[in-house]
Amino acid sequence: MKRAKNFHLLLKNILFLSFFTIGMFHSLHAQTTYFVAPNGNDKDKGTEKAPFKTIKAAQDNARAQKGDVTIYLRGGEYRLDKTLIFAPQDNKGDKHLVVCSYPGEQAIISGSIELKLQWQPYKNGIMQAKVMPGISIDMLTVNGAIRHMARYPNFDSTAVRFNGTSADATSPDRVKTWKNPSGGFLHAMHISDWGDFHYRITGKDDKGNLKLEGGWQNNRPYGLSPENRMIENIFEELDAPGEWFYDSIEAILYYYPLPNEEIAKSVFETAQLKHLVEFRGTEQEPVKNITIKNIELTRTARTFMEKYEPLLRSD
């Protein structure tokens with residue numbers, strides 16, 4: 001009888017110790033969950049029933065937690081006005097941070113803004129609309145589909161190089177037809193066809209020669225291909241359905257609608273951010289234990305004219 005009593009006492013102590021240990025482990029590795037939804041409110045608490053509206057609000061709250069944190073993004077689109085920056089304070093100690101779509105749903109993070117446009121006829125089927133000041137337009141989507149800058153030659157989905165090239169893309173006779181090509185772009189293959197070059201057009205001379213800056217994308221500048229050239233963002237080349245041109249000085253967007261395209265009911269967007277996510281740490285304080293998964297990242301500005309460090313003996 002005494003032996004049985006001692007056994008029950010020992011079992012009770014073991015169970016107490018087990019639950020105490022589990023409780024300690026749980027407290028040391030507590031899991032916090034936040035929710036974000038397109039129709040949420042950053043003044044709420046970030047719960048499933050009262051989600052935040054922005055990822056930044058969830059991130060700020062997650063930084064105050066000592067244990068692991070999961071941020072669920074409910075299905076829908078999240079347009080960023082600033083790049084999401086993850087720093088050492090997002091993962092202090094052995095803390096893990098996960099940002100992901102809610103199971104069974106698809107979250108989309110976008111670097112674009114929606115344009116509010118009042119379209120008016122221009123000429124030859126082209127429409128025009130005033131754009132709010134301070135907006136840069138280097139990429140345009142209509143109802144989620146990419147539209148192409150006014151270009152020559154016109155876009156050809158079957159063409160291997162630049163979706164269409166032509167030897168007369170920069171011919172003096174063609175350049176003379178352009179009133180002001182400043183702000184346009186020249187894309188050309190390497191003379192040996194092993195890489196490509198990109199230039200910004202800064203103007204032209206009286207003989208029809210273009211003034212260019214750029215070409216730093218290739219480490220072996222032995223010349224441009226005379227045949228494989230394409231120019232874009234030239235107003236006079238706005239001549240095909242689906243093309244557009246933005247006059248940044250007058251802040252006017254010109255667009256040539258596709259057949260039967262109802263542009264008054266369409267959503268026009270333009271990318272404003274060069275990148276959506278950035279990890280910013282140091283050798284002493286690295287960024288670690290952060291997982292971003294099951295999220296669609298889309299609509300960022302083009303960066304081919306950025307002066308990145310050249311690759312060693314490469315293109």
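Details
- Compactness of region 59-122 is given as radius of gyration and Dmax, 16.9, 60 Å, from Cα positions.
- Normalised by residue count, region 112-271 yields a Cα convex hull volume of 127 Å³ per residue.
- Reachable aspartates and glutamates from K207, criterion Cα separation under 15 angstrom, eight or more residues apart if same chain: D173
- Its Cα gyration tensor gives region 40-81 an equivalent ellipsoid. The semi-axes, each the square root of 5 times an eigenvalue, are 17, 12, 10 Å from largest down.
- Cβ-derived FRET efficiency at R0 22 Å, C100 paired with R302, nearest 0.05: 0.20
- Residues whose amide H falls under 5 Å from that of F279, counting only those 5 or more places apart or on a different chain, are F86, with hydrogens built in the peptide plane.
- In this structure the amide hydrogen of D68, modeled in the peptide plane, comes within under 5 Å of the amide hydrogens of A30, T32, H96, none closer than 5 places in sequence on its chain.
- Label-point separation in nm, E236 to T158, each point 7 Å along Cα→Cβ: 3.0 nm
- Estimated dipole of region 112-271 in Debye, rounded to 20 [Cβ of Lys and Arg +1, of Asp and Glu -1, Cα centre]: 240 debye
- Length-normalised contact order of the chain in % [C-alpha pairs under 8 Å, at least 6 apart]: 22 percent
- Whole-percent P(r), the chain, all Cα pairs, 20 Å bins from 0: 24, 42, 24, 6, 3, 0.
- Normalised by residue count, region 219-303 yields a Cα convex hull volume of 256 Å³ per residue.
- Helical contribution to [θ] at 222 nm, DSSP H n ≥ 4, -39,500 (n - 2.57), averaged over the chain, rounded to 500: -4000 deg cm²/dmol
- Most tightly packed first, judged by the mean number of other beta-carbon atoms within 10 Å of their residues, the peptides 268-275, 210-217, 171-178 read 268-275, 210-217, 171-178.
- Fraction of beta bridges assigned by DSSP in the chain that are antiparallel (%, nearest 5): 55 percent
All of the numbers you see were taken from the coordinates with simple rules; none came from a lab. Because the structure is predicted, anything quoted here is derived from the model rather than measured. Here the Cβ is made from the backbone with ideal geometry for all residues, glycine too, and neighbour counts use every protein chain on show.
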